[in-house]
Each structure stands twice: as structure tokens, then as C-alpha cells.
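Each remark here refers to the structure printed beneath this line.
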Amino acid sequence: MKTATIFRGMVIVLLAGLCLCASTSLAQTSCFSPPALYSASYSPRSIAVADINGDGARDMIIANDASEALSSVSVFKNYGDGSFAPSQWYLTGTYSSALCVADIDADGDVDLAITNWGSNDVSVFKNDGGGNFTAAGAFNTQNMPSTVAVADFDGDGDLDLAVAGGMGVSILKNNGTGSFSTPLVDTAGSSASGMVAADFDGDGHPDLAISKSYRNFVTILPGNGEGTFGAQVNYPVGTGPSSIVSADFNADNHPDLATGNWTSDSASVMLNNGDGTFATAVQYPAGGWPSAIAAADLDGDGAVDIAVANYQSEDISILSNNGIGGFAPAITVPTGSRPFGVAAADLDGDTDLDIAIAENGTGYGAVYLNCRVIACICPNQGDLNRDGVLDVFDVNGVIGAAFSGGPDTVDVNCPVPRGDVNFDQGTDVFDVIDLITTVFSSGPNPVNPCQPPRAASTRPTPK
């Protein structure tokens with residue numbers, strides 16, 4: 001079964017500054033650079049990342065929901081280091097919204113499909129292999145399309161399109177060369193705000209999961225393997241689900257689901273029971289008006305995390321996975337004006353996963369490089385007076401910070417202040433005890449928050 005990942009350029013403007021670090025667990029740190037901004041067009045709506053020119057680096061593609069005459073897709077080629085060339089710009093249909101990237105014509109490179117809710121069609125662009133695109137046609141969908149997924153729905157070996165919107169789901173079957181037949185329409189997809197394709201029930205056929213913003217649930221359509229679907233099943237989520245993503249959140253080899261919920265300012269996580277049914281959704285607070293959601297291992301611990309773009313609060317909520325499908329309280333990364341799309345991938349080739357967003361309010365694509373590995377720097381925990389030596393003066397400083405509200409020392413690239421010598425998220429009596437042991441009794445050096453912690457020491461219970 002073939003499936004593809006779905007995601008709901010001008011001068012580079014690189015904002016000077018240091019990395020934004022935040023602790024997600026004792027051993028892992030999420031750390032993102034200030035954004036590099038790339039001019040896209042009017043009203044960027046959705047974003048995807050993929051290697052479009054075969055050079056091994058992930059490029060950036062943005063669909064722009066502009067005026068009737070200016071809707072477009074902007075393509076940014078990656079220089080290989082996480083910076084991007086000015087955009088190539090292609091006109092689409094009227095009011096473009098969602099896009100997907102996949103090898104639609106089976107020639108070995110990545111093509112584009114963009115939904116246009118104003119002209120009621122989907123625009124397909126074929127890749128010449130070098131990341132340059134030619135319009136291959138606009139295919140009628142009959143359903144005011146707002147979202148798209150791609151998979152081999154009819155089992156003939158090529159990739160078909162599922163396009164959902166206000167009036168239902170349209171299945172456009174691929175004829176094998178990247179053109180599509182008259183759509184088959186299923187009204188089960190009405191009021192769709194997002195959609196993903198995956199084999200949820202393990203029968204070898206791609207299924208669909210559709211978020212429905214006006215009905216507050218996710219609809220599952222089980223695929224029959226011939227381009228048709230079985231009876232829909234609905235699962236309640238948060239209020240106003242605006243977007244949806246699928247990933248294996250609890251490492252059981254079954255695809256789970258998460259939605260961003262516009263009205264309830266939350267993310268809902270639905271774990272797969274293993275047979276294509278889902279457990280009751282668990283709600284996690286996000287920012288204001290979540291507009292898009294992505295899933296990726298952002299903190300490098302092997303578990304798939306969640307990134308939510310928040311339109312009203314203008315930030316990204318990063319929810320760190322505990323490895324079994326539960327999530328820590330969100331870390332917030334500020335963005336520019338009205339983020340409306342989010343994607344995650346290794347954009348700079350350093351093996352950790354970065355974030356790209358479409359800023360609907362500014363017309364930019366914004367790239368946040370993950371500096372978890374290279375930029376988390378804690379020069380010398382415990383050295384509050386910055387003299388390079390751990391001594392009695394530092395002990396006095398930690399005592400003051402722990403008990404008297406005295407000043408602590410903060411390094412902008414370190415997730416905790418220097419007084420937190422044991423990296424337990426606060427300067428307290430245990431840090432005083434540990435530093436006294438280090439300074440006067442040749443005890444172990446303070447914990448480096450950028451590295452996994454040492455085993456916990458045995459401490460007396462405070463009286």
C-alpha cells in the first residue's frame with residue numbers, strides 16, 4: 001500500500017539572536033532558533049516539506065489562499081543547510097487551501113496537488129525531476145474542497161486523491177499517468193477541515209480519518225480496497241477540530257490520531273485499539289485557536305511529539321510524548337502573525353527535526369531550526385559569579401537564590417539557571433547540599449542539563 005504524508009521566498013530575513021530553549025524532561029531539551037523568514041505570497045494557508053529536486057535536502061512548499069486571481073503555490077529549494085532560495089511561484093485555482101506532496105505520475109519524483117475551494121477543483125503539478133513544476137490540469141471535485149490526502153485507494157499500484165470539503169469526500173482515481181477520472185463522491189466527508197489516509201484497521205487497505213470542525217468529531221471511513229469505503233464511525237474530540245495528523249504515538253505499530261481544536265484551544269489524542277477503533281480522545285491544552293498540527297520526534301527521545309500552530313495566540317505549542325502516548329504540558333514557541341500551517345522535518349541535515357510554518361498574516365514561510373543538539377550550552381552550573389571556579393562564594397549565591405529570593409544566573413542557551421545544579425527544575429535546598437558536597441567534599445560535578453542526568457544521589461529529607 002502506498003501512502004504519502006499530508007500537511008495542513010525574495011530575501012531571507014534571518015533574525016539575530018540565540019536559541020529559545022525549554023526543558024521537556026530531565027534528559028531531553030527542545031531548543032529552536034529564532035525564525036528565518038521567506039517571502040511566499042498573500043495569505044499562506046498550508047505547508048509541506050519534501051525533497052523535490054533529489055539533492056537529499058528537504059525543500060519547502062506553501063499553498064497561498066489569496067484573491068481570486070492570485071492564489072498560488074510557492075516552492076523554496078533548500079540550499080542544504082536549512083536556508084532556502086527565493087521562491088518559484090505557480091498560479092493555482094481560486095482560493096487554494098490544502099496541499100499534498102507525492103509521486104502522482106510514478107516517475108520517481110515528488111509532484112504536487114493543491115485544493116481550490118473557490119474553483120471547486122484540485123490543481124496537479126508535475127515535477128521535471130529538478131524541482132520545477134508544470135501544471136498538469138485542474139480536476140473537478142464537486143465538493144468545495146478544503147483538504148486532501150493521497151494513497152492507492154483502489155489497489156492498482158498508483159496514487160489516488162481523496163479530497164474533502166463542505167459537501168463530502170471526492171475520490172479521484174489515478175489513470176496511471178497522473179491524470180484523474182471523474183470523482184466518486186461520498187457525503188460522509190461533509191464539513192471536513194482536515195484529513196489523513198492510513199491503514200487504521202490493519203487490513204492492507206488505506207482508510208480515511210476526517211476532522212469535522214462544525215460537528216466536533218473525527219469520522220473514520222474504512223477503505224474497501226477498490227476506491228470505496230465502508231460505513232462511517234464517528235469519535236468525539238475537542239470543540240472545532242481544525243486539523244488532523246496520524247502517527248504511532250504509543251509505539252504499538254498501529255497508527256493513532258491527533259487533532260488541533262480551534263474552539264477549545266486544545267489538541268485531542270486518539271489512540272488506536274489495534275483494530276481500527278479508537279480509545280476516548282484525551283484533551284491537552286494548546287494555544288489560542290489551533291489551526292494546524294504536525295507529529296514528529298522533536299526532542300530526540302524516540303517518541304513522536306506534537307506541534308500545534310495557534311492562529312490567535314501566534315505561537316506553536318509543542319507537546320512532548322512520554323513514550324506511551326501521553327503528553328507533557330505544552331512548551332510555547334512564539335511565531336509571527338497568524339500561523340496557519342505547520343510541518344516538521346530535518347531541514348538543515350543535522351539529524352534533529354526542525355519546524356516550518358505558514359504565516360497567514362505576514363505572507364512568510366518561517367523556519368525554526370532545532371538546536372537541541374548544537375545550541376544547548378550550560379557553561380558551568382553552580383558558578384553563579386561567573387569566575388570559572390566553584391567555591392564558597394557560589395555556595396552563598398545558591399543559598400541566597402534558594403531561600404532569600406536572591407539573584408540566580410541565567411545563560412540564554414541553557415534551559416535552567418546556574419543555581420539548579422542537579423537539574424530538577426528549581427533552585428532549592430537540594431542544590432545547596434549538592435554544591436556544598438562538590439565544593440568542600442570533592443563530590444560529583446553539577447549535572448549538565450544538555451546531557452542525560454546522572455543517577456539521583458541519596459539526600460537527607462529536609463526538616
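Can you name the condition, by its number, that Gly82 falls short on among (1) at pLDDT 95 or above; (2) of a type outside the set (Lys, Arg); (3) assigned to a loop (DSSP other than H, G, I, E, B); (4) open to solvent by less than 10 Å² (accessible area, probe 1.4 Å)?
Result: Gly82 fails condition (1) only.
When Tyr90 is evaluated against the numbered criteria (1) farther than 25 Å from Val245 by Cα; (2) in a loop (DSSP other than H, G, I, E, B), which criterion, by number, is the only one it fails?
Exception for Tyr90: condition (2).
Just checking, does segment 285-300 include any residue being modelled with pLDDT under 95 and open to solvent by 10 Å² or more (accessible area, probe 1.4 Å)?
Yes, because at least one residue in segment 285-300 is modelled with pLDDT under 95 and open to solvent by 10 Å² or more (accessible area, probe 1.4 Å).
Quick one: count up the residues across segment 171-196 that are farther than 22 Å from Gly137 by Cβ, in a strand (DSSP E or B) and not polar (S, T, N, Q). Reasoning before the result, please.
Going residue by residue through segment 171-196, those that are farther than 22 Å from Gly137 by Cβ are 186-194, 196.
Filter once more, keeping what is in a strand (DSSP E or B): 186, 192-194, 196.
Narrowing the set further to residues that are not polar (S, T, N, Q) leaves 186, 192, 194, 196.
Here the count works out to 4.
Scan (1) open to solvent by 10 Å² or more (accessible area, probe 1.4 Å); (2) among the hydrophobic types (A, V, I, L, M, F, W, C); (3) closer than 18 Å to Ser246 by Cβ for the single condition Val169 breaks and write down its number.
It is condition (1) that Val169 fails.
State all residues of segment 301-319 that are among the hydroxyl-bearing types (Ser, Thr, Tyr) and at pLDDT below 95; if no residue qualifies, say none. Break it down stepwise before answering.
Of segment 301-319, the ones among the hydroxyl-bearing types (Ser, Thr, Tyr) are 311, 313, 317.
Across segment 301-319, there are no qualifying residues.
Against the conditions (1) within 27 Å of the chain's Cα centre (by Cα); (2) farther than 16 Å from Val233 by Cβ; (3) not hydrophobic (A, V, I, L, M, F, W, C), where does Gly202 fall short? Just the number, please.
(2)
Check Ala356, Ala328, Ala344 and return the single one that is open to solvent by 10 Å² or more (accessible area, probe 1.4 Å), under 11 Å from the mean Cα position of the chain (by Cα) and within 21 Å of Ala267 (Cα to Cα).
Just a single option satisfies the conditions, and that option is Ala344.
Yes or no: Ala258 out of contact with any Ser or Thr (no Cβ under 8 Å at 6 or more places or on another chain), surrounded by 24 or more Cβ atoms within 10 Å (Cβ to Cβ) and within 22 Å of Gly165 (Cα to Cα)?
Judged against the criteria, Ala258 is not a match.
Has segment 48-59 got at least one residue that is closer than 24 Å to Asp305 by Cα, outside any loop (DSSP other than H, G, I, E, B) and at pLDDT below 65?
no
Using the structure shown, decide if Ala401 is in contact with a Phe, Trp or Tyr (Cβ under 7 Å, 6 or more places away or on another chain), modelled with pLDDT of 80 or more and not in a loop (DSSP other than H, G, I, E, B).
Details: in contact with a Phe, Trp or Tyr (Cβ under 7 Å, 6 or more places away or on another chain): no; modelled with pLDDT of 80 or more: yes; not in a loop (DSSP other than H, G, I, E, B): yes.
It is false that Ala401 is in contact with a Phe, Trp or Tyr (Cβ under 7 Å, 6 or more places away or on another chain), modelled with pLDDT of 80 or more and not in a loop (DSSP other than H, G, I, E, B).
When the residues of segment 271-281 are filtered to those that are surrounded by 17 or more Cβ atoms within 10 Å (Cβ to Cβ) and of a type in the set (A, V, I, L, M), which remaining residue is nearest to Asp305 (Cα to Cα)?
Step by step, filter segment 271-281, then rank; the result is Leu271.
For segment 416-438, which residues satisfy the criterion of being in a loop (DSSP other than H, G, I, E, B) and open to solvent by 30 Å² or more (accessible area, probe 1.4 Å)?
Within segment 416-438, Pro417, Asp424, Gln425, Thr427, Asp428 qualify.
Taking only segment 222-251 into account, find how many residues are farther than 17 Å from Pro206 by Cβ and open to solvent by 50 Å² or more (accessible area, probe 1.4 Å).
Within segment 222-251, residues that are farther than 17 Å from Pro206 by Cβ and open to solvent by 50 Å² or more (accessible area, probe 1.4 Å) number 4.
Select from segment 401-412 the residues that are surrounded by fewer than 17 Cβ atoms within 10 Å (Cβ to Cβ) and either hydrophobic (A, V, I, L, M, F, W, C) or on the phi < 0 side of the Ramachandran plot (or both) and list them in ascending order. First the steps, then the outcome.
If we filter segment 401-412 for residues that are surrounded by fewer than 17 Cβ atoms within 10 Å (Cβ to Cβ), which is where we start, we get 403-407, 410, 412.
Answer for segment 401-412, where residues must be surrounded by fewer than 17 Cβ atoms within 10 Å (Cβ to Cβ) and either hydrophobic (A, V, I, L, M, F, W, C) or on the phi < 0 side of the Ramachandran plot (or both): Phe403, Ser404, Gly406, Pro407, Val410, Val412.
Kindly indicate whether any position in segment 96-110 is out of contact with any strand residue (DSSP E or B) (no Cβ under 9 Å at 6 or more places or on another chain) and either closer than 15 Å to Asp51 by Cα or among the β-branched types (Val, Ile, Thr) (or both).
yes
Considering only segment 105-164, give the strands (runs of 3 or more DSSP E) lying wholly within it that have at least 2 residues that are surrounded by fewer than 17 Cβ atoms within 10 Å (Cβ to Cβ) and at pLDDT 95 or above.
Working: elements: 111-116, 121-127, 133-140, 145-151.
Because the criterion is at least 2 residues that are surrounded by fewer than 17 Cβ atoms within 10 Å (Cβ to Cβ) and at pLDDT 95 or above, the strands (runs of 3 or more DSSP E) in segment 105-164 that meet it are 133-140.
Are any of the residues in segment 93-102 within 18 Å of Ser170 (Cβ to Cβ), modelled with pLDDT of 95 or more, more than 22 Å from the chain's Cα centre (by Cα) and not in a strand (DSSP E or B)?
Checked segment 93-102: no residue is within 18 Å of Ser170 (Cβ to Cβ), modelled with pLDDT of 95 or more, more than 22 Å from the chain's Cα centre (by Cα) and not in a strand (DSSP E or B).
Find the residue count for segment 67-77, including only residues that are open to solvent by less than 10 Å² (accessible area, probe 1.4 Å) and either outside any loop (DSSP other than H, G, I, E, B) or hydrophobic (A, V, I, L, M, F, W, C) (or both). Let's see the steps before the verdict.
Going residue by residue through segment 67-77, those that are open to solvent by less than 10 Å² (accessible area, probe 1.4 Å) are 71-76.
Next, only the ones that are either outside any loop (DSSP other than H, G, I, E, B) or hydrophobic (A, V, I, L, M, F, W, C) (or both) stay: 72-76.
Final tally of qualifying residues: 5.
Just for segment 197-209: of the residues that are open to solvent by less than 10 Å² (accessible area, probe 1.4 Å) and not in a loop (DSSP other than H, G, I, E, B), which one is nearest to Val124 (Cα to Cα)?
That would be Leu208.
The values are calculated or read from the model by the stated rules, or taken from the named source; none is laboratory data. These figures come from a predicted structure and were not determined experimentally. Quick reminder, even Gly has a Cβ in these numbers, built from the backbone with ideal geometry, and neighbours come from all protein chains shown. Keep in mind that these areas ignore ligands, DNA and RNA; they rest on the heavy atoms of the full protein, side chains included. Shrake-Rupley method; radii C 1.70, N 1.55, O 1.52, S 1.80 Å.
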